[in-house]
Every structure is written in C-alpha cells, then in structure tokens.
C-alpha cells in the first residue's frame, strides 16, 4: 500500500539517522515509438524518470524493478544497463543515484493516481512536459550523446 504523501518527507529525514549515505535508482525506458516513460509525484513538482531509493536487503536492479512496478505498472523483463552514477547534492550531501537504461518491458495495466503518483505517461524526447526536471533532461541528453556525462545529478 502506498504511503500518504505527507509521510514521504518525514521518512526521508528519518533515513538520514538510519543510513548516513543513501543510494537511489532512476531508469530511462522507451516504448516502441521511442517515447520516454515519465512519472509525476504528488509530493514534489515536475516530471521524473521512474525510480527511488534502494531498500536494505535489495540490489539496485531489484529496487529499480520494484519502483517501475509500483510507480508505473510496468514490469522490466530484462536486466537494465547501468549508464552512470551521480552525486545528488541537491537531495542531500549523502545521496547517490544510479542511472539505468531499461530495455524489454511489459505494461501490466493502467496506473491509477494515488497519494504518491499523480500521473504517468510516455513522451517524445523532443516534446517533454514543460516541468520535466532539469536532472531528467540532463540524463536524457547524456543518454542521447548530446551532452557529456556529469558526476552530479
């Protein structure tokens, strides 16, 4: 069951006490038409690639697969490829994000909005929503070979 939106920032602060460093994952997944899958959360502005924190006891790839299922109702059917690792100082001085390129997948159904996810959608890379985050745009430019990889998220 998804957490209420108000609980997410509280849990993030509690994680600092429990884990002095955190690892997150994000994945770029394109459909057959070349559109990127993005998600809009209820508790932060903007559109992001699906992803989230790696929980204790799970691998980064397991976390990415879980986040895709939870946030988008998409199942990854082949192992994603690690593209780059980024320091996310904007999030916290202890946060790193592993960025993956995702391939084969299966759409499990339509993801209904809830307290965490406002909406999901596939978008042409040249026609992203206006409020797509700068980090998402940077990762897509890097993935397309239009920009050098940055060590920062």
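Within region 99-114, can you find the residues that are surrounded by 16 or more Cβ atoms within 10 Å (Cβ to Cβ) and part of a loop (DSSP other than H, G, I, E, B)?
Answer for region 99-114, where residues must be surrounded by 16 or more Cβ atoms within 10 Å (Cβ to Cβ) and part of a loop (DSSP other than H, G, I, E, B): just 111.
Which one of the conditions (1) without any contact (Cβ under 8 Å) to a residue 24 or more places away in the chain; (2) under 22 Å from residue 152 (Cβ atoms) does residue 57 fail to meet, given that it meets all the rest?
Residue 57 satisfies every listed condition except (2).
Please find, within region 46-60, the residue that is surrounded by the most Cβ atoms within 10 Å (Cβ to Cβ) out of those that are within 12 Å of residue 25 (Cα to Cα) and in contact with a strand residue (DSSP E or B) (Cβ under 9 Å, 6 or more places away or on another chain).
It comes out as 49.
Given the conditions (1) farther than 28 Å from residue 147 by Cβ; (2) surrounded by 16 or more Cβ atoms within 10 Å (Cβ to Cβ); (3) modelled with pLDDT of 95 or more, and given that residue 27 satisfies all but one, which numbered condition is not satisfied?
Result: residue 27 fails condition (1) only.
Restricting to region 123-141, and then to whatever is in contact (Cβ under 8 Å) with a residue 40 or more places away in the chain and more than 14 Å from the chain's Cα centre (by Cα), can you tell me which residue is nearest to residue 5 (Cα to Cα)?
131
Does residue 33 satisfy the condition of being at pLDDT 95 or above and under 13 Å from the mean Cα position of the chain (by Cα)?
It is false that residue 33 is at pLDDT 95 or above and under 13 Å from the mean Cα position of the chain (by Cα).
What is the number of the single condition among (1) out of contact with any strand residue (DSSP E or B) (no Cβ under 6 Å at 6 or more places or on another chain); (2) within 26 Å of residue 7 (Cα to Cα); (3) part of a loop (DSSP other than H, G, I, E, B) that residue 78 does not meet?
Going through the list (1) out of contact with any strand residue (DSSP E or B) (no Cβ under 6 Å at 6 or more places or on another chain); (2) within 26 Å of residue 7 (Cα to Cα); (3) part of a loop (DSSP other than H, G, I, E, B), residue 78 breaks only (2).
Hey, can you tell me all the residues within region 61-85 that are surrounded by 18 or more Cβ atoms within 10 Å (Cβ to Cβ) and out of contact with any helix residue (DSSP H, G or I) (no Cβ under 8 Å at 6 or more places or on another chain)?
Result: 63, 64, 65, 67, 68, 71, 72.
Mind listing whichever residues of region 116-153 are over 16 Å from residue 51 (Cα atoms), in contact with a helix residue (DSSP H, G or I) (Cβ under 9 Å, 6 or more places away or on another chain) and part of a loop (DSSP other than H, G, I, E, B)?
Across region 116-153, the qualifying residues are 128, 144, 146, 147, 148, 149, 150.
Can you confirm whether residue 96 is touching a helix residue (DSSP H, G or I) at 6+ places or on another chain (Cβ under 8 Å), surrounded by 14 or more Cβ atoms within 10 Å (Cβ to Cβ) and modelled with pLDDT under 95?
No, not satisfied.
The values are calculated or read from the model by the stated rules, or taken from the named source; none is laboratory data. These numbers come from a predicted model, not from an experiment. Because the Cβ atoms are built from the backbone with ideal geometry, glycine has one as well, and the counts that use them run over all protein chains shown.
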